[in-house]
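The values are calculated or read from the model by the stated rules, or taken from the named source; none is laboratory data. Remember, it's a predicted structure, so these values are computed and weren't measured experimentally. Using ideal geometry, Cβ is built from the backbone for each residue, glycine included, and neighbour counts are taken over all protein chains shown. Calculation scope for accessible area: heavy atoms of the full protein, side chains included, ligands and nucleic acids excluded. Shrake-Rupley method; radii C 1.70, N 1.55, O 1.52, S 1.80 Å.
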Amino acid sequence: MKLPESFEIRMQEMLGEDFSKYQASLDRPSFHGLRVNTNKISVEEFLRISPFSLKPVPWCSNGFYYDEDVQPAKHPYYFAGLYYIQEPSAMTPASVLPIEPGDRVLDICAAPGGKSTELAARLQGTGLLVSNDISHSRAKALLKNLELFGIPNMLVLSEPSNAIAERFEGFFDKILIDAPCSGEGMFRKSNSMIKAWEKNGVELFVNLQQSILREMVKCLRPGGSLVYSTCTFSPEENEQAMDYLLELAPELEIQELPMYDGFDTGHPEWSRTGNEAVKQCRRLWPHRVKGEGHFVALLKKQESEETHGVNWYRPAKVKLPEEVRDFLNQIQWDWDASRMELQKDRLYYLPKEMPDGTGLRILRNGLLLGELKKNRFEPSQSLAMALRMEEYENAISLPASDERVIRYLKGETIELEGRNGLILFCVDGYPLGWGKLLNGSLKNKYLAGWRWQ
């Protein structure tokens with residue numbers, strides 16, 4: 001692989017005798033990984049039913065390598081949201097953020113959703129996940145992945161970081177900043193990253209990272225934790241980002257991260273201040289681990305009595321039509337009527353604590369339950385994904401080996417035995433979507449934009 005000359009010179013200085021090993025690694029194939037959705041299935045159960053040969057990713061308890069010739073995105077379990085396809089090193093940032101039940105969590109640069117889906121799965125339906133991406137088109141992909149994972153307690157936004165900081169000062173227990181970066185760690189995975197690096201360099205991203213850090217510090221509550229990560233080697237974007245952050249917010253302290261085989265520490269000699277604390281950060285090099293290049297830092301904000309208020313959102317009281325009540329009664333959830341919100345003809349179920357997002361660009365607040373039509377209620381794809389098979393009284397499951405599963409995912413009408421009416425269609429006990437059964441024929445209601453291509 002041909003590297004930019006200035007990049008090659010810097011890497012030779014940084015790596016010394018290891019540079020030749022790094023250079024050789026660029027000509028080897030990338031590693032492929034998937035991460036089990038523990039919101040839907042345990043790791044043990046997934047390994048029992050997995051159709052793929054898997055090997056553990058050491059630094060992520062629910063992460064696994066799969067062979068290059070496998071296509072996990074072409075299996076019904078992918079459409080059931082049982083796993084997320086993710087580069088192995090990229091699993092690190094979300095895995096080290098110490099999520100606890102009930103936390104308010106922010107993923108500020110969240111698209112396409114690799115980190116957000118893991119943060120949400122670890123919340124197990126409690127607390128609140130705010131996932132944001134400034135790009136509206138990328139935020140749509142983020143939303144789909146969260147829906148696929150069956151996440152009900154989310155607020156998906158598309159805003160710049162300063163707009164988030166203005167609204168959510170001191171609000172979040174945990175924040176993940178997977179910062180936009182020069183992408184040097186992804187050169188092996190994508191040649192286009194080299195062209196982008198030659199065009200943009202490092203300085204553009206340093207300024208962008210600093211602007212995000214300035215705003216995110218304001219959003220973290222006292223005692224809260226923040227993860228900063230990049231997929232680049234540049235000290236200006238890594239150790240020196242820590243210099244900037246600690247000068248900006250002395251109340252932050254770098255925390256020790258686990259050291260796995262092949263991991264490297266941060267380097268004080270690459271810090272502007274020679275800060276020994278950066279040794280507690282971790283660097284992942286593609287010639288030392290089975291993954292691409294990454295930098296990860298965990299920081300904690302000191303406890304204080306500092307408090308900030310937030311405006312909570314309270315939806316107007318909704319009188320649900322009889323057909324909606326009849327449908328909801330078929331779902332074994334303990335419904336809270338005060339969390340129902342009707343926006344035009346769409347019905348949402350909000351998280352227990354929802355901040356006021358008035359004026360923000362919201363793609364989704366809570367779980368979309370469905371849409372009111374004339375004299376009927378059409379449940380949503382996102383609701384199907386949030387359910388467990390046993391929670392809906394008229395559910396039918398077929399094994400993944402049954403050819404009707406693929407036909408369902410393609411949007412076809414299929415022959416199926418069962419009770420007439422609306423059914424939750426499942427594969428091996430995991431929901432895929434809705435269908436309407438009439439005399440052995442299933443009218444397909446699988447979401448058109450999600451269909452198997």
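With +1 on each Lys and Arg Cβ and -1 on each Asp and Glu Cβ, how big is the dipole of the chain about its Cα centre, in debye rounded to the nearest 20?
1700
When the accessible area of the range 266-327 is split by element with a 1.4 Å probe, what percent falls to carbon and sulfur?
Reported share for carbon and sulfur atoms: 45 percent.
Do the sum for the chain: with -39,500 (n - 2.57) for every DSSP H run of n ≥ 4, divided by all residues, what is the mean residue ellipticity at 222 nm, to the nearest 500 deg cm²/dmol?
Calculated mean residue ellipticity at 222 nm is -7500 deg cm²/dmol.
In whole angstrom, note down how far apart the Cα centers of the range 273-323 and the range 125-182 are.
What the calculation gives is 10 Å, centre to centre.
Using a probe radius of 1.4 Å on heavy atoms only, what accessible surface per residue do you get for the chain? Whole Å² is fine.
Per-residue accessible area for the chain comes out at 43 Å².
Work out the charge dipole of the chain with +1 on the Cβ of Lys and Arg and -1 on the Cβ of Asp and Glu about the Cα centre, then indicate which of LEU432, HIS32, CYS281 is farthest towards its positive end.
The one lying farthest along the dipole's positive direction is LEU432.
Which order do GLU417, GLU215 take by accessible area at a 1.4 Å probe, largest first?
So, going from the largest accessible area down, we get GLU417, GLU215.
Name the trypsin sites (Lys or Arg not before Pro) in the range 308-379 that are in a loop by DSSP and that have at most 16 other C-beta atoms within 10 Å, would you?
Passing both the DSSP loop test and the Cβ count: LYS317, LYS319, LYS344, LYS352, ARG361, LYS374.
Let a ≥ b ≥ c be the square roots of the eigenvalues of the Cα gyration tensor of the range 108-218; is it rounded (a/c under 1.5), or, if not, prolate (a/b larger than b/c) or oblate?
Verdict is oblate for the range 108-218.
State the percentage of accessible surface on the range 1-94 attributable to carbon and sulfur atoms; use a 1.4 Å probe and exclude ligands, DNA and RNA.
With neighbouring chains kept in place, the figure for the range 1-94 is 49 percent.
Run the dipole for the range 192-313 about the Cα centre, Lys and Arg Cβ at +1, Asp and Glu Cβ at -1, nothing else charged, and hand back the magnitude in debye, nearest 20.
With only Lys, Arg, Asp and Glu charged at Cβ, the dipole is about 420 debye.
Can you tell me what share of the DSSP beta bridges in the chain is antiparallel? A percent to the nearest 5 is fine.
Around 70 percent of the beta bridges assigned by DSSP in the chain are antiparallel ones.
Taking the mean number of other Cβ atoms within 10 Å as a proxy for protection, how do you rank 31-39, 444-452 from highest to lowest?
31-39, 444-452
Specify whether the C-alpha gyration tensor of the range 315-405 places it in the rounded, prolate or oblate class, a ≥ b ≥ c being the square roots of the eigenvalues: rounded for a/c under 1.5, otherwise prolate if a/b is larger than b/c and oblate if not.
Note, shape of the range 315-405 comes out prolate.
Fully extended, how many nm does the chain gain between LYS436 and ILE396 (0.36 nm per residue separation, minus their Cα-Cα distance)?
Full-extension gain reported as 13.3 nm.
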